[in-house]
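The values are calculated or read from the model by the stated rules, or taken from the named source; none is laboratory data. None of the values given here were measured: they were computed from a predicted structure. Here the Cβ positions follow ideal geometry from the backbone for every residue, glycine too, while neighbour counts run over all protein chains shown. To get the accessible areas, we keep the full protein, side chains included, count just its heavy atoms, and leave off ligands, DNA and RNA. Shrake-Rupley method; radii C 1.70, N 1.55, O 1.52, S 1.80 Å.
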Amino acid sequence: MNNVENTTSTLPPTGNPASDPLGRSQLQIWFEVSLAIAFSLVAFTGNVLVVTAINFDPKLNTITNMLIQNLAFTDICMASLHMPFWVISLRYGRWVFNHVLCQLVGLTQLTFGITSLFTMTGIAFNRYFNVVRRNLYTKYFSTKKVTYFVIAAAWLGALAVTSPQLYGWGKIAYHPLFAVCTCIWDLPDVSFMVFLCAGTIFSTASVISWCYYTIYKTVKASAERMQGHAAEWSHGRRNAVGGKREKTERKVLKTSFVVVCVFLTCWTPLSVVGFIEIFGSSTPRWVHLFSYFFVFGSSLTNPFIYGIMNPQFQQAFKKLLRFRANEIEPMSSTSQVKENVIGTATTMTDVTGLQTIGDEPSTSVQQGVIDQNQNQVKHIDAPTKPLEVMKA
């Protein structure tokens, strides 16, 4: 496939070529369009719900959630400012707007997507330092000023990576197989595409995988130390603490596995298809089509992974829905705040599976439990001697 823009004439007809440039049947056209509309609506609604919950519930105004809110904002932009052009192109099988708008839409699509990747990397770094390097987190990463800097760096970094295409290094054009205006892979000079993939998809995948793997190892080691402390308090408590440790490990492993696997699932197909084009080969249209469905699926799944799977967000969603239905008082009521403070100490769980209070790590909570249980053991043993004296 030497010229992507001319591939429409070489595509084999699968329906009625006279009515559709890609030779699709009406059933196939409306299936693709309906699926794309569903992706757009779910991505937009899910991410708006995440942003609304963060601004509605004061407990969710944490450092990590500032990054999650930025991630949701990039996905809202993708769903509202880019996906509609994708839906229209799928409907007509071609680009129906002018060249300037194609350049703008292609640039914004890459910017939103890469900003999303960089923000996910920032979230992984934030959790890594919060759990593994707590001293450095407290010193450098626990302020909103630093978080704003990370968010700005994600946007500026994405613009820096994508803008060279406007100056001649790389090319943005309508790709009929992807049905979007995007970067063209099969250029004589492949240096830009190698730079783009290495600097965005491959690097972020490596960093995110490493961060969550290290977090899991740290949580596992911390849970084993807790079990050792529990054995010193009371032999009868060992099984209960061991079961709790295994539950925590499973939860952290599950969340980390989901984050990494969904990331790779969404972005790997596009990378593979792109490199196939770079080396002069071709793939069927449906492979190109669904590789972009997977990419846009990242915007769809992010609110579920980073928000809805988090019990804090689940509670906020329930309160938000009840609040909208006028079934409870506003969040600012004293009784509700008091109830939230009591419930938070036992139920607030970060998406990594670690119990947290605000941005505090689980180790402080665990140590508090250790000290409390030790005091309980001492309190139980204390009355023994006075009772013996009384009997004597």
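With the checklist (1) under 24 Å from ILE114 (Cα atoms); (2) open to solvent by less than 40 Å² (accessible area, probe 1.4 Å); (3) among the hydroxyl-bearing types (Ser, Thr, Tyr) in hand, flag the one item SER222 doesn't pass.
The number of the failed condition is (1).
Do you know which residues across the stretch 165-197 are open to solvent by 50 Å² or more (accessible area, probe 1.4 Å) and among the hydrophobic types (A, V, I, L, M, F, W, C)?
The answer is LEU166, TRP169, VAL194, PHE195.
In a helix (DSSP H, G or I) and open to solvent by 50 Å² or more (accessible area, probe 1.4 Å): is that true of LEU81 in this structure?
Numbers: in a helix (DSSP H, G or I): yes; open to solvent by 50 Å² or more (accessible area, probe 1.4 Å): yes.
So LEU81 fits the description; yes.
What tally of residues in the stretch 87-111 results from selecting those that are within 21 Å of TRP155 (Cα to Cα) and part of a loop (DSSP other than H, G, I, E, B)?
0
Please count how many residues of the stretch 150-184 are part of a loop (DSSP other than H, G, I, E, B) and closer than 30 Å to VAL33 by Cα. Steps first, answer last, please.
Kept after step one, since they are part of a loop (DSSP other than H, G, I, E, B), are these residues of the stretch 150-184: 168-171, 176-179, 184.
Checking which are closer than 30 Å to VAL33 by Cα leaves us with 170-171, 176-179, 184.
Here the count works out to 7.
Against the condition surrounded by 24 or more Cβ atoms within 10 Å (Cβ to Cβ), part of a helix (DSSP H, G or I), among the polar types (S, T, N, Q) and free of Cβ contacts under 8 Å to residues at least 40 places away in the same chain, how does ASN55 come out, does it pass?
On the way: surrounded by 24 or more Cβ atoms within 10 Å (Cβ to Cβ): no; part of a helix (DSSP H, G or I): yes; among the polar types (S, T, N, Q): yes; free of Cβ contacts under 8 Å to residues at least 40 places away in the same chain: yes.
It is false that ASN55 is surrounded by 24 or more Cβ atoms within 10 Å (Cβ to Cβ), part of a helix (DSSP H, G or I), among the polar types (S, T, N, Q) and free of Cβ contacts under 8 Å to residues at least 40 places away in the same chain.
Can you name the condition, by its number, that LEU27 falls short on among (1) at pLDDT 90 or above; (2) not in a helix (DSSP H, G or I)?
(2)
Across the stretch 151-164, what is the number of residues that are touching a residue at least 40 places away in the same chain (Cβ under 8 Å), of a type in the set (A, V, I, L, M) and open to solvent by less than 50 Å² (accessible area, probe 1.4 Å)?
4
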